[in-house]
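**Student:** Below is one structure. I have some questions about it.
The values are calculated or read from the model by the stated rules, or taken from the named source; none is laboratory data. These numbers were taken from a predicted model, which means no experiment stands behind them. Glycine gets a Cβ as well: all are built from the backbone with ideal geometry, and neighbour counts include every protein chain shown. Accessible surface areas use protein heavy atoms only, side chains included; no ligands, DNA or RNA. Shrake-Rupley method; radii C 1.70, N 1.55, O 1.52, S 1.80 Å.
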Amino acid sequence: MAAMCADSLRPVTAAHTHSESDERNTMGHWDTQHGEITIPSAEFAAVRQAVQKATHEHQSKVFDETQSFWKGLTRKAQTDPGAYTAALRKYTDAKHKEFYAHQDRPSWSRPAKPPFTEEFLDDVEWRLGLPRDGKPARVLKSDLPFPTNRTTSFQAGEGSVSFDKDSNTVRWSTGENRGATERAHASVAGTALFNRIKTVKWTRNTGGVIMGNNEYAAEEGVGDRCHVAYGPIGAAQEPSSCEEYTDSKGNRVGRNELHKLQQELWDAQRKLQNRMAKAASAAGRGKTTAASNRGSFASFQHAEPTFRL
């Protein structure tokens, strides 16, 4: 059995109990995101496969790193917890120094940090860490959560990506923490999901909206707001936040079309507000009845734009 505890519990590691990401988290306020996107049926499998492939490749790299570490241990370190812990501390210190060396250089001459560096190091340290009173052991491939074709949920940093084949939907959700959404989007699964979504050819009644909030807004009593939207559903509901996209016929819906939709929504809202104001004024003069006002307070969200998606 490998030198680790169950996936739901982080083992006690020899090294960085207070990582650089922890230090960054002492600043700023919490944020969070959630939303559901309907994927065209012809694209659903490819989107899920993109996330599965990226996650599998990541776990393969993590596994290979654990094997490299184990092979480099002395016989004593492979059997004695104290020697193992010391070797792990030395190893993780060296890895952090290697991956974060760019931070010691001037910003203009820093090389690009390898993608998914923090996630990779965190996962490797997690797998190599000893549980309390545990004995050193080689990490087994079965210890890692390699996804299969039946996997429907993928971890994305402090978030998750979940697929529902019956409804052709993907749900995006992050934790409520400082920098949670940024880390989730920068994760292996998050990056794979949103990169693949950019290439989807959307059909009618597909797409969706990602909502979010943060501590600053919540303190001011502001509820969730749209962070980004996709496809025809996103264009109809939140055109100003919708990403440009291509429909299934190859037509491009760009910023001009989205701006037109937004203007139509604003116009519809203003007209509804005017109707409500006139109805309220007339009611105040006693010149209208409840029956004559029926429908005057219908939500503007149901107004149909003249531009068809």
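**Student:** Please report the net charge: other residues with Cβ closer than 12 Å to the Cβ of Thr203, K and R +1, D and E -1.
**Tutor:** +1
**Student:** Any chance you could check the Cα centroid distance between region 43-95 and region 218-247 for me, in angstrom?
**Tutor:** Measuring centre to centre over Cα atoms gives 38 Å.
**Student:** Moving on to the next point. How big is the accessible area of Thr206 in square angstrom, nearest 10, if you roll a 1.4 angstrom probe over the protein chains?
**Tutor:** Accessible area, nearest 10 Å²: 10 Å².
**Student:** Another question, if that's okay. Alpha carbons only, please: Rg and Dmax for region 29-80, in angstrom.
**Tutor:** For region 29-80, the Cα radius of gyration and maximum Cα-Cα distance read 19.6, 56 Å.
**Student:** Please tell me which of these pairs span more than 27 angstrom C-alpha to C-alpha: Lys53/Lys201; Lys201/Lys271; Lys53/Lys76?
**Tutor:** Lys201/Lys271; Lys53/Lys76
**Student:** Considering only protein heavy atoms, what is the solvent-accessible area of Met211 at a probe of 1.4 Å, reported in Å² to the nearest 10?
**Tutor:** Accessible area of Met211: about 50 Å².
**Student:** DSSP loop (so not H, G, I, E, B), at most 10 other Cβ within 10 Å: list which GluC sites (Glu not before Pro) in region 194-289 pass both filters.
**Tutor:** Glu220
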